[in-house]
Amino acid sequence: MTMNNDRFWDLLESFHPKAEGFCRKLAGNRDDGDDLYQDSLLHAMHKFSGLRDEKAFRPWLYRLIINRYRNRVRKPWWRRRETLGAGTPEGGADDPAGRYDSRRWLERGLKALSPEERALIVLFELQQWTVAELAELHGRPPGTIKARLSRARLKMRRALERYLVHQEQTNLSREGAYGLPESETAVE
Amino acid sequence: MDCRKAKQRLSKADWSADRELAEHLRVCPTCARTAEAEKMLETVLQAASDETYPATPPAILRSEVLARAAAQPRKENIVRQILAQLRVRPRLFAGLGLAVIAFLFATLVPFSYTITAGYETMIHGVDEEHAITSEHLAEALSVLNYENVSVSVSRSGPEYDYHITGLPSRDAAREAGAVFSSLTGFDGIPECVPVYEMVSGSLYAQVVEKATRIEIDTEGKTDEQISNEIRARLLAQGYSRADVSVTTDPGGERRIDVQVGREAGDKETEEVLELKLRNTSDISFDVHPDDSIEKLEIDTEGKTDEQIAAEIEAKLAAQGKPGAHVTVTTGPDGKKNIEVTINKEEIR
């Protein structure tokens, strides 16, 4: 078992930062991401002895992470662990580049996706996986992966569009109520 | 350029350099919003992909995961959990197994048992003077709504034996005997016996079959009225002896004691008694006289005076007043005049 454990950690070391980053981006924040990562590793350690080909370790672990994430999201409401706010905002108040705003927009777009689509977008757009790698991960032809990526991106764009419309309406109603231009309202 | 074409071009990677598209976006607010969303999406995805955070050092991660593994017992699948519990608590599982077997045994395995299918009344040794035809007796019983009864008469020497079958309860059997006495004036004691039937069913069905259920509304009733009602219901359900005592303590709580028994001739069976009382409010009361005549309700529609008189006599006989003599006459105005004479000695 210890031998097995050592081998597990050896195999993980080469792509551990990427896998950890994937979990954080998939979960939407660092705390939930780290929790998902550790939970997935724990699960993977127990299942590791059943893995036949060590070359398949990386896609195997990613598949496991995606499954764990999907199970968390699909848990019945009474078991779901709710995060208040967006977890620990990395950067906190010191956010000169508007990272927090950017992350908020990203999260809004990702929320429109199913867990599988979310994993696909994170891996392709944020972790620069190729279509071929994604095809191997999911065991689907590249054409299918491309179509799924395109659909997921369209969903995200529509979600952002809806949010833009909502924001425009909110700004208009504020101007109507206070007679103030948008910039002044925003300053308040 | 139309909106459809514009949206197609917006999906391409290098749409920002498209002049024709830029012109359309200037005049079409919907497509402009789509373009804005697309630009925003591109920006946030780029920003997020550029973001890098320090990864947890592998050694720390490993110790954290192992600590988590030690703190969190490994989640087994349901079968393994049950097997593990079985090893830890063999007696609990043996008990549960027995309970399941007992449940299945009680609900599924059929047994033969006897039920009381009805009652019959036998009147022996009726002499020629008091004999009536079986049709006459059946007609009198049909007045009391016992329409499915069958009456047979057999002769043994100078005397007749009457056999009335198909009576639903012991009370009905007694009533049938009283009707015969009322019609003929015969003073012999009718014999009421239950008719048993062998049926097959589970233990559960057997218990349900034998349960005696009595439901009584206690609204505005005294303890005595309630006990009388319970007793009457028990007797109607075939109990030969029903000692009921209802008492109310100063706190308003009612206590009901019931002791029941069957006649010696009856087959001894286990009895389950269920009493259900509704509206248990407490109200002052009057004593109900024991020898009063209960209210008689008779439908006179389409009946002759003689038929009405016979029905009243039969009902009085059923109340234990077999010597009643009833005369019904109809006046010129259509009003009925009913005279009832009861011989008190016969009541005793």
**Q.** Close pairs from region A:144-168: first more than 7 Å from every other protein chain (Cβ to nearest Cβ) and more than 16 Å from A:Ser102 (Cα to Cα), partner hydrophobic (A, V, I, L, M, F, W, C) and outside any helix (DSSP H, G or I), Cβ under 9 Å, at least 6 apart
**A.** A:Ala152/A:Ala112; A:Ala152/A:Leu113; A:Lys155/A:Ala112; A:Lys155/A:Leu113; A:Arg158/A:Ala112; A:Arg162/A:Ala112
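Answer yes or no: is there a residue in region B:166-183 that is surrounded by 14 or more Cβ atoms within 10 Å (Cβ to Cβ) and free of Cβ contacts under 8 Å to residues at least 40 places away in the same chain.
Within region B:166-183, not a single residue is surrounded by 14 or more Cβ atoms within 10 Å (Cβ to Cβ) and free of Cβ contacts under 8 Å to residues at least 40 places away in the same chain.
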Q. Any idea which of (1) among the small types (Gly, Ala, Ser); (2) in contact with an Asp or Glu (Cβ under 8 Å, 6 or more places away or on another chain); (3) touching a residue at least 40 places away in the same chain (Cβ under 8 Å); (4) surrounded by fewer than 18 Cβ atoms within 10 Å (Cβ to Cβ) is the one B:Ser154 doesn't satisfy?
A. (3)
(Q) Looking at region B:49-57, can you tell me whether even one residue there is more than 10 Å from every other protein chain (Cβ to nearest Cβ) and exposed (fewer than 11 other Cβ atoms within 10 Å of the Cβ)? (A) no
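Within region B:31-48, track down each residue that is touching a residue at least 24 places away in the same chain (Cβ under 8 Å), within 9 Å of chain A (Cβ to nearest Cβ) and not hydroxyl-bearing (Ser, Thr, Tyr).
B:Glu38
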Q.
Any residue at all in region B:202-217 that's of a type in the set (A, V, I, L, M, F, W, C), surrounded by 15 or more Cβ atoms within 10 Å (Cβ to Cβ) and without any contact (Cβ under 8 Å) to a residue 40 or more places away in the chain?
A. yes
(Q) I need the full set of residues from region B:130-151 which are of a type in the set (Gly, Ala, Ser) and crowded, with 18+ Cβ neighbours inside 10 Å, in order please. (A) B:Ala140
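Residues are listed down the side, and each one gets a yes or a no for (1) farther than 30 Å from B:Ser154 by Cβ; (2) modelled with pLDDT of 80 or more; (3) surrounded by 12 or more Cβ atoms within 10 Å (Cβ to Cβ):
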{"site": "B:Arg74", "(1), (2), (3)": "yes, no, no"}
{"site": "B:Pro90", "(1), (2), (3)": "yes, yes, no"}
{"site": "B:Val109", "(1), (2), (3)": "yes, yes, no"}
{"site": "B:Ala117", "(1), (2), (3)": "no, yes, yes"}
(Q) It is to be established whether one or more residues within region A:104-122 are of a type in the set (D, E, K, R), outside any helix (DSSP H, G or I) and either in contact with a Ser or Thr (Cβ under 6 Å, 6 or more places away or on another chain) or within 22 Å of A:Asn67 (Cβ to Cβ) (or both). (A) yes
Q: Keeping to region A:35-59, report how many residues are among the acidic types (Asp, Glu) and either away from chain B (no Cβ under 13 Å) or not in a helix (DSSP H, G or I) (or both).
A: 2
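The values are calculated or read from the model by the stated rules, or taken from the named source; none is laboratory data. If you're wondering where the values come from, they're calculated on a predicted model, not measured in any experiment. Positions of Cβ are backbone-derived with ideal geometry, glycine not excepted, and every protein chain shown enters the neighbour counts.
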